[in-house]
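K.L.:
Can you keep this structure in mind? I'll have questions shortly.
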Amino acid sequence: MTQLPRYRLTDAEKDALLERQALLIEAQAAQIAALLARIEALEAAPAKPRKTSRNSHTPPSQDPGGRSGGGKAKDKPKKPRPSRPGVSRRLAAAPDETIVCRAERCACGADVSGLRQSCRMRYDHVDIPPVTPHVTRVELHGGRCACGKRYRAAPPERMPPGTPFGPNIHALLAYLHHSHHVGFERLARLAREMFGLSISEGAIANAMHRLKTPLEAERDAIRATLRTAEVVWSDETTTRINGRLHWHWVFVTPNAVLHEIAPRRAKAVAQDVMAGHQPAVWVSDRYAGQQDMAAAHQVCLAHVLRDVQYAIDCGDAVFAPALAKLLAWTIRVGRRRGDLKDSTLQQYRAKADRDLDRLLATPAPHPAGRTLQRQVKAWRIKFFVFLEDRRVSATNNVAEREIRPSVVFRKVTGGFRSPWGPSVHAGYRSVTSTARLAGQTAYGAIRGLAETLFQPAAQTA
């Protein structure tokens, strides 16, 4: 076995190698010094508090140990439950059946059946009878005319050929799916086990799809009502269509609610919905896509208070606590506007403006306070609109409560898997929420809409 010749460095090559090593060691030493300085600066800086639902837009589900954002739920002291007077269920105004029971013997054994007796106790026994599908067989008779043409009887009204499922089934399926978030597989099993109704998941999907046209027609009418509103509350959240991110918008007025699912979050979505109509006041959070949509804008003070709480958690003990106290006072004033005169409200608005101007005029000593102060200055004119307009609320909770069921629907179902699913859900939520403002139930509203599928006009359309 031959040994390879060993390579020997020249003196010039050795000097060059040593020089490169010296430069590398010097660069590494400089990098280590910079990292040590960075570590010292981070250790010297105050630690930022963790963001929770109390001081940020983080959802309560991500809070550590519970909804309040601090500690485990079992460590919290339990509040004493207030005592309440005992009550019993009210008797039905019109019972379907009444059973009168008369005593036959006393506890001593005496026969009391012939004595005069009065009602000594009254209660209701409530139960649901077995629910089974009502099947109507339709036979269309006909024959051949003397002219040679065939003829056949017309089908009865509200029972056209095609789907075997009537409006009650359509309404029940839509109600359970969109209001109670029951998936198609569970819907089929529920119908079979509780009602004795055999229906496939495909038939359920067809029933939902069948409602798309009347739902869209109702949503167009709601959209027209929205474009005449003076005050609009809005909010948006994410949803998924075939795994892709979309945005679910909601627009609320005192007499109409519109849901819109769009592929983007841009301001153009709200502009398309309003079609050039400019309300008197727009209420929303501080997202830029919902700004400058009306003559005046009221930002949600609940969102502002969460940012204030974060500044307090960071260590600001001057500006943020004073601002929190001022905003809480204005919200309390807004809650009792019904008992206040217009002149009194104007005085309160002027006082709130003066107090806020005074807070903004004094520089905040803490960095978190200065950051909050810059944010407040940017939104200064949109804080107290609700103190001069009784129609406006201090928060955007109206829209947030309206969009929450759709958030639960997204979490349970995982989103939409058909091109028509978002339109049906947006139409259902728009119709049922608008009906609720008029004192109707969600099932009653969708039941009346399902009836239109079986009307003669719908058959010929």
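Here, each number is a calculation from the coordinates, and none is a lab measurement. Source: prediction; values computed, not measured. Virtual Cβ from ideal backbone geometry, glycine too; neighbours counted across all protein chains shown.
K.L.:
Give me the percent relative contact order of the range 268-417, please, defined on Cα pairs under 8 angstrom at least 6 residues apart.
P.N.:
After rounding, I find 29 percent.
K.L.:
Right, something else. I want to check the label-to-label distance for L23 and R89. Put each point 7 Å from Cα in the C-beta direction and report it in nm to one decimal.
P.N.:
Label at L23, label at R89, 8.9 nm between them.
K.L.:
Give me D124, D307, D316 sorted ascending by neighbouring Cβ count inside 10 Å, so fewest comes first.
P.N.:
Working: D124 10, D307 20, D316 24.
Ascending number of Cβ neighbours within 10 Å: D124, D307, D316.
K.L.:
Here's another thing I want to ask about it. Once amide H atoms are built 1.01 Å from N in the peptide plane, which residues 5 or more positions from R240, or in another chain, come under 5 Å H to H?
P.N.:
Amide H to amide H, under 5 Å and 5 or more residues apart or across chains, R240 pairs with H246, F416.
K.L.:
Still on this structure: R401 to T441: extension gain in nm, 0.36 nm per residue of separation minus the Cα-Cα distance?
P.N.:
On the way: separation 40, 0.36 × 40 = 14.40 nm, distance 1.69 nm.
Additional length available on full extension: 12.7 nm.
K.L.:
Follow-up. Which order do the peptides 280-290, 77-87 come out in when sorted by mean C-beta neighbours inside 10 angstrom, highest first? Walk me through the numbers before you get to the answer.
P.N.:
Values: 280-290: 20.2, 77-87: 5.5.
Going from most to least packed, we get 280-290, 77-87.
K.L.:
So how much slack lies between H209 and I241, counting 0.36 nm per residue of separation and subtracting their Cα-Cα distance, in nm?
P.N.:
On the way: separation 32, 0.36 × 32 = 11.52 nm, distance 1.59 nm.
Extra length from H209 to I241 when fully extended: 9.9 nm.
K.L.:
Can you work out ³J(HN,Hα) from phi for every residue in the range 406-423, in order, using Karplus 6.51 cos²θ - 1.76 cosθ + 1.60 and θ = phi - 60°, giving whole Hz and x for Gly and Pro?
P.N.:
So the J values, rounded to whole Hz, are 6, 5, 5, 4, 5, 5, 6, 8, x, x, 10, 10, 9, x, 9, x, x, 5.
K.L.:
Can you tell me the order of 241-252, 425-436 when each peptide is scored by its average per-residue count of other Cβ atoms within 10 angstrom, highest first?
P.N.:
425-436, 241-252
K.L.:
How large is ³J(HN,Hα), in whole Hz, for each residue of the range 103-112 in order, when computed from phi with the Karplus curve 6.51 cos²θ - 1.76 cosθ + 1.60 and θ = phi - 60°, using x for Gly and Pro?
P.N.:
So the J values, rounded to whole Hz, are 6, 9, 9, 7, 5, 7, x, 6, 7, 10.
K.L.:
Label Q278 and R50 with points 7 Å out from Cα along Cα→Cβ: what is the distance between them in nm?
P.N.:
The answer from the label model is 4.7 nm.
K.L.:
In percent, how large is the relative contact order of the chain, given Cα pairs closer than 8 Å and 6 or more residues apart?
P.N.:
18
K.L.:
How big is the antiparallel share of DSSP beta bridges in the chain, given as a percent to the nearest 5? Each step should come with its number before you reach the end.
P.N.:
On the way: 20 of 28 bridges.
Bridges in the chain that DSSP calls antiparallel: roughly 70 percent.
K.L.:
When Rg and Dmax of the Cα atoms in Å is calculated directly from the model, which label among (1) 26.5, 88; (2) 23.9, 78; (3) 34.5, 134 fits?
P.N.:
(3)
K.L.:
Can you tally the net charge around G143? Count Lys and Arg as +1, Asp and Glu as -1, for every other residue whose Cβ sits under 9 Å from the Cβ of G143.
P.N.:
Working: positive: R144, R150, R152; negative: none.
Result for the local shell: +3.
K.L.:
Could you give the distance between the Cα centres of the range 366-425 and the range 117-165, to the whole Å?
P.N.:
Their Cα centres are 47 Å away from one another.
K.L.:
Between C119 and R186, what is the spin-label point distance in nm, taking each point 7 Å from the Cα along the Cα→C-beta axis?
P.N.:
Computed distance between label sites C119 and R186 equals 4.2 nm.
K.L.:
Before anything else, pin down the relative contact order of the range 301-387: Cα pairs under 8 Å, at least 6 apart, normalised by residue count, whole percent.
P.N.:
On the way: 60 pairs, mean separation 37.1, N = 87.
Reported relative contact order: 43 percent.
K.L.:
Efficiency by 1/(1 + (r/R0)^6): what FRET value for D220 and A266, r their Cβ-Cβ distance, R0 = 30 Å, to the nearest 0.05? Write out the running numbers ahead of the final one.
P.N.:
Numbers: r = 22 Å, r/R0 = 0.74.
Once the sixth-power term is evaluated, E becomes 0.85.
K.L.:
As a test of the formula, what do you get for the chain when each DSSP H run with n ≥ 4 contributes -39,500 (n - 2.57) and the sum is divided by the residue count, at 222 nm and rounded to the nearest 500 deg cm²/dmol?
P.N.:
Numbers: 14 runs with 203 residues, N = 461.
Computed ellipticity for the chain at 222 nm equals -14500 deg cm²/dmol.
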